[in-house]
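Q: I'd like to ask some things about the structure below.
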Amino acid sequence: MKLATNYLGLTLSNPLVVGASPFCDSTHMARQLQDAGAAAIVMRSLFEEQIDAEQRALRYHVETPAESYAEATSYFPNYPEYQLAPDQYLRQIEHLKGALNIPVIASLNGIRPGGWTDHARRCEAAGADAIELNLYHLATDPTVDGDQIEADMLETVRIVIGSVRLPVAVKLSPFHTAPAQFALAVERAGAAGVVLFNRFYQPDFDIEELEAQSQLKLSEPGELLLRLRWLAILSPHLRGSLGATGGVHAVGDVVKAILAGAHAVQLVSVLLKHGPRFLASLLAGLQQWMTEHGYENVDEFRGAMNLGRCPDPAAFERANYQRILQSWRV
Ligand SMILES: Cc1cc2nc3c(=O)[nH]c(=O)nc-3n(C[C@H](O)[C@H](O)[C@H](O)COP(=O)(O)O)c2cc1C
C-alpha cells in the first residue's frame with residue numbers, strides 16, 4: 001500500500017502534515033511528531049508586523065488592545081512574548097532541518113507588499129523546504145475597498161513567490177466574496193498550492209466587566225464541513241496542491257478531506273488534545289480504510305467526491321440550501 005502523496009512538488013510519505021502551530025518551536029517535539037508519522041511540519045507564523053519593524057511591532061502591541069485582533073489573540077503574543085523572533089526563527093529552521101528528515105515548511109503571515117517579504121528568501125537560505133504564506137486579514141475599516149485588499153494580497157503573493165525558488169502555499173480565508181476565483185488568482189500568481197482555511201479566533205464578551213475576552217478554542221470536527229465543500233469545489237479547477245486545515249479530528253475526517261481533493265491534511269487541535277502519538281493511530285486508520293475499500297494508494301481516491309466527480313454535485317450548491325431549509329418540519 002502506498003500512502004505517499006505529492007504536496008507542493010514535495011514527495012511526502014503520507015498526507016498527514018502538522019499544521020502551523022507552536023509544536024515546532026521545540027526540535028524535540030518536532031522529532032516526536034516525525035517519529036509518530038508526520039510527513040511534514042509547518043512552523044508557527046512569523047508576522048509581517050514582527051519582521052517589518054520590530055520597533056513598529058513594539059508600538060503596535062503596546063498601543064493596540066490584543067482583543068481587537070480576532071484571530072490572533074491567543075497565538076499572537078505581545079511583543080516581549082514572541083516565542084521566536086525573526087532571527088531565532090531562522091535558527092529554528094536550521095535546527096529542525098538538522099534534526100528531521102521530513103520537509104520543514106516555514107510560515108509567513110502578511111498581506112501587504114513590504115520589506116518583510118524578503119524574509120521568505122532568508123527562510124529559504126536557512127533550509128526551509130517550502131513557504132506557507134498566511135493571508136490572514138480582518139477588514140474592519142469600512143472605507144477600504146475589498147478589491148484593493150485582494151489586489152494587495154495578490155501582489156504580496158507575487159513578491160514572496162518572486163523572491164524564492166521554493167514552492168509557496170497560500171493559506172486562505174473563507175471570507176472572500178468569490179473564494180474560488182481568488183484561489184485561482186493565487187494560483188495564477190504562481191502559488192504551488194492553497195491551504196483551506198484560516199481559522200478566525202473570535203473574542204467573547206465578558207458581560208460583567210464589559211470587556212472583550214481573548215480566547216483560543218481548539219477546533220471542533222464540525223468545522224471540517226466548510227473545508228470539505230471548498231476543497232470539493234476547487235479540486236477540479238486547481239492544477240496545484242490543496243491542503244486542508246481545520247476540524248480534522250478522526251480517521252474519517254482525513255479520508256473525507258482526501259476524497260474532497262486534498263493532497264495534504266493538516267492537524268493541530270487534535271494533536272494538542274491527544275499528543276503526537278495520535279498521528280500513528282490516524283495513519284493506521286487510514287491504511288485500514290484503504291484496505292477495506294480496495295485502494296492501493298491515496299491518488300486513487302483523491303478527489304473522488306470533488307465537484308467534478310461527485311454523483312450529486314447539487315449537494316454543494318445553492319439548490320441544496322433551499323431544499324434543506326424547506327424540508328424541515330415542526
Ligand atoms: C495554538 C495554535 C497556534 C497556531 N498558530 C498558527 C500560526 O502561527 N500560523 C498559522 O497560519 N496558523 C496557526 N494556527 C492555526 C492552525 O495552523 C490551524 O489552521 C487551525 O488550528 C485549524 O486546524 P485544526 O482544526 O487542526 O486545529 C494555530 C492554531 C493553534 C491552535
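The values are calculated or read from the model by the stated rules, or taken from the named source; none is laboratory data. Please read these numbers as outputs of a predicted model, since none were measured by experiment. As a convention, Cβ positions derive from the backbone with ideal geometry for all residues, glycine included, and neighbour counts pool all protein chains shown.
Q: Inside segment 128-154, can you point out the residues that are touching a strand residue (DSSP E or B) at 6+ places or on another chain (Cβ under 7 Å) and of a type outside the set (Ser, Thr, Tyr)?
A: Ala128, Asp129, Ala130, Ile131, Glu132, Leu133, Asn134, Leu135
Q: Taking Leu225 as the residue in question, decide whether it is within 16 Å of the ligand (Cβ to nearest atom) and crowded, with 20+ Cβ neighbours inside 10 Å.
A: No; evaluated as a whole, the condition is false for this residue.
Q: Here is a further query. Identify, please: which residue in segment 235-256 is closer than 12 Å to Gly303 by Cα and in contact (Cβ under 8 Å) with a residue 60 or more places away in the chain and is, among those, surrounded by the fewest Cβ atoms within 10 Å (Cβ to Cβ)?
A: Pro236
Q: Hey, can you tell me all the residues within segment 3-53 that are small (Gly, Ala, Ser), over 29 Å from Trp116 (Cα atoms) and more than 13 Å from the ligand (Cβ to nearest atom)?
A: Ala4, Ser13, Ala36, Gly37
Q: Still on this model: Name the residue that is farthest from Gly243 (Cα to Cα), counting only residues in segment 299-330 that are in contact with a Leu (Cβ under 8 Å, 6 or more places away or on another chain) and at pLDDT below 80.
A: Checked segment 299-330; the qualifying residue farthest from Gly243 (Cα to Cα) is Pro313.
Q: Now for a different question. Taking the conditions exactly as written (in contact (Cβ under 8 Å) with a residue 60 or more places away in the chain, in contact with a helix residue (DSSP H, G or I) (Cβ under 9 Å, 6 or more places away or on another chain) and either at positive phi or of a type in the set (A, V, I, L, M, F, W, C) (or both)), does Phe301 satisfy them or not?
A: Against the criterion (in contact (Cβ under 8 Å) with a residue 60 or more places away in the chain, in contact with a helix residue (DSSP H, G or I) (Cβ under 9 Å, 6 or more places away or on another chain) and either at positive phi or of a type in the set (A, V, I, L, M, F, W, C) (or both)), Phe301 does not qualify.
Q: Which one is surrounded by the fewest Cβ atoms within 10 Å (Cβ to Cβ) among residues in segment 87-132 that are in contact with a helix residue (DSSP H, G or I) (Cβ under 6 Å, 6 or more places away or on another chain) and β-branched (Val, Ile, Thr)?
A: Ile111
Q: Continuing with this model, one more query. Testing Leu234 on (1) near the ligand (Cβ under 9 Å from one of its atoms); (2) more than 26 Å from Glu292 (Cβ to Cβ), one condition comes back false. Which one is that?
A: (1)
Q: Taking the conditions exactly as written (within 11 Å of the ligand (Cβ to nearest atom), modelled with pLDDT of 95 or more and touching a Lys or Arg at 6+ places or on another chain (Cβ under 7 Å)), does Gly247 satisfy them or not?
A: Against the criterion (within 11 Å of the ligand (Cβ to nearest atom), modelled with pLDDT of 95 or more and touching a Lys or Arg at 6+ places or on another chain (Cβ under 7 Å)), Gly247 qualifies.
Q: Out of Ile93, Ile105, I need the residue that is within 16 Å of the ligand (Cβ to nearest atom), among the hydrophobic types (A, V, I, L, M, F, W, C) and closer than 23 Å to Glu187 by Cβ. Which one?
A: When all the criteria are applied, what remains is Ile105.
Q: Given the conditions (1) modelled with pLDDT under 95; (2) under 15 Å from the mean Cα position of the chain (by Cα), report the number of the one that Lys217 does not fulfil.
A: (2)
Q: Still on this structure, please answer the following. Restricting attention to segment 196-222, which residues are within 16 Å of the ligand (Cβ to nearest atom), charged (D, E, K, R) and surrounded by fewer than 19 Cβ atoms within 10 Å (Cβ to Cβ)?
A: Answer for segment 196-222, where residues must be within 16 Å of the ligand (Cβ to nearest atom), charged (D, E, K, R) and surrounded by fewer than 19 Cβ atoms within 10 Å (Cβ to Cβ): Lys217, Glu220.
Q: Next question, about the same structure. Test each condition in (1) within 13 Å of the ligand (Cβ to nearest atom); (2) more than 27 Å from Asp35 (Cβ to Cβ); (3) surrounded by fewer than 22 Cβ atoms within 10 Å (Cβ to Cβ); (4) at pLDDT 95 or above for Phe278 and report the one that comes out false.
A: Going through the list (1) within 13 Å of the ligand (Cβ to nearest atom); (2) more than 27 Å from Asp35 (Cβ to Cβ); (3) surrounded by fewer than 22 Cβ atoms within 10 Å (Cβ to Cβ); (4) at pLDDT 95 or above, Phe278 breaks only (2).
Q: Please go through segment 281-312 and pick out each residue that is under 21 Å from Gln34 (Cα atoms) and buried (at least 18 other Cβ atoms within 10 Å of the Cβ).
A: Leu282, Leu283, Leu286, Val298
Q: Restrict the check to segment 3-23 and report whether at least one residue is without any contact (Cβ under 8 Å) to a residue 24 or more places away in the chain, in a loop (DSSP other than H, G, I, E, B) and hydroxyl-bearing (Ser, Thr, Tyr).
A: no
Q: Okay, moving on. Restricting to segment 217-251, give me the number of residues that are out of contact with any Gly (no Cβ under 8 Å at 6 or more places or on another chain) and not hydrophobic (A, V, I, L, M, F, W, C).
A: 6
Q: How about segment 1-24: which of its residues are of a type outside the set (S, T, N, Q), within 17 Å of Val268 (Cα to Cα) and crowded, with 16+ Cβ neighbours inside 10 Å?
A: Pro15, Leu16, Val17, Val18, Gly19, Ala20, Phe23, Cys24
Q: Which residues, counting only those in segment 121-155, are within 15 Å of the ligand (Cβ to nearest atom) and in a helix (DSSP H, G or I)?
A: Cys123, Met153, listed by residue number.
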